[in-house]
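The next block holds one structure in the form of C-alpha cells; read it before the comments.
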Amino acid sequence: MTMVARRWTAEDLMALPRGRWRYELVAGALRASPPSDARHREVAAVLGARLSMATRAGRLGVVLYGAGFRLASDPDTVRAPDVSFVRAERVPGGAPAGCVDGAPDLAVEVLSRTDRTLDVEDRVAEYLAAGARLVWVLNPKHGRVTVHAPGAGARVLGADDRLDGGDVVPGFGCAVRDVFE
C-alpha cells in the first residue's frame, strides 16, 4: 500500500487552531516552527512599532505581524513573515481576514536561534518571486539587517547604517542600532 502525503491548502492552514507553534505551507506541505524566543519577539515588536508610526501617519497601508501570505496556489505556499507591510491600495478595507493573496510589499524576517540559513534564503526568494518589493532579514545576534530588493544584490547594514523604506515605505527610516537596542 502506498501512502500519499496530504496536500494542505491555505484554507486548511487558516482553520488550524492557534497555539504556540507557527505553521506555514510550502508547496502544499505543512511546516511547523517552534515558538520564537523573547528577543526575537522584542525585535519584531520594535521594528513593527516604528513601521506602524510611519505608515499610519501617512495612511500608507497596514503593518501586520505573522499574517499569512499566499505566495503560490495549487499547491499552496503560504508564508508568514514576522512583520509585513501592505500598501493601502492593496487592502482598501484594512487588514483582511484570512490569507492575503500575493506577497507583502515589505516582508521582515527576524532570525531566531532555530532558523537555518537555507530556509531563510528560500523565504527571501519566494517573497521576491511573488512580488515583494523589499525584504529585510534582521539578525539580532549580530545587530545587522540584510536588505533584499528585486534585481539588486543583498546589502548588509550594520549598527551605524540607516534602514530606509525607500519608495516602498516612504518616510520610514531609522538607525539599525535603534531596532536592536
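The values are calculated or read from the model by the stated rules, or taken from the named source; none is laboratory data. What you see is a predicted model; the values in this text were computed from it and never measured. Positions of Cβ are generated from backbone atoms using ideal geometry, with glycine treated the same way; all protein chains shown enter the neighbour counts.
Structural remarks
- Pairing each residue of the stretch 133-157 that is within 15 Å of residue 106 (Cα to Cα) with any residue that is modelled with pLDDT of 95 or more and loosely packed, with under 12 Cβ neighbours inside 10 Å, provided the two are 6+ apart or on different chains, yields C-beta distances under 9 Å for 145/155; 145/158; 146/155; 147/155; 148/155; 149/155.
- Condition met for residue 95 (under 25 Å from residue 177 (Cα atoms), touching a residue at least 12 places away in the same chain (Cβ under 8 Å) and exposed (fewer than 15 other Cβ atoms within 10 Å of the Cβ)): no
- Selection within the stretch 153-174 - surrounded by 12 or more Cβ atoms within 10 Å (Cβ to Cβ) and either among the small types (Gly, Ala, Ser) or part of a loop (DSSP other than H, G, I, E, B) (or both): 154, 159, 161, 165, 166, 168, 169, 170, 171, 172, 173
- Inside the stretch 4-41, residues that are farther than 14 Å from residue 99 by Cβ, out of contact with any strand residue (DSSP E or B) (no Cβ under 7 Å at 6 or more places or on another chain), surrounded by fewer than 14 Cβ atoms within 10 Å (Cβ to Cβ) and not aliphatic (A, V, I, L, M) make up a count of 8.
- Condition met for residue 104 (part of a loop (DSSP other than H, G, I, E, B), at pLDDT below 95 and under 23 Å from residue 9 (Cα atoms)): no
- Every residue from the stretch 51-71 that is surrounded by fewer than 19 Cβ atoms within 10 Å (Cβ to Cβ) and either under 17 Å from the mean Cα position of the chain (by Cα) or part of a strand (DSSP E or B) (or both): 52, 65, 66
- Flag if residue 118 is part of a helix (DSSP H, G or I) and among the hydrophobic types (A, V, I, L, M, F, W, C): yes
- The stretch 112-123: number of residues that are surrounded by 20 or more Cβ atoms within 10 Å (Cβ to Cβ) and touching a Ser or Thr at 6+ places or on another chain (Cβ under 9 Å): 0
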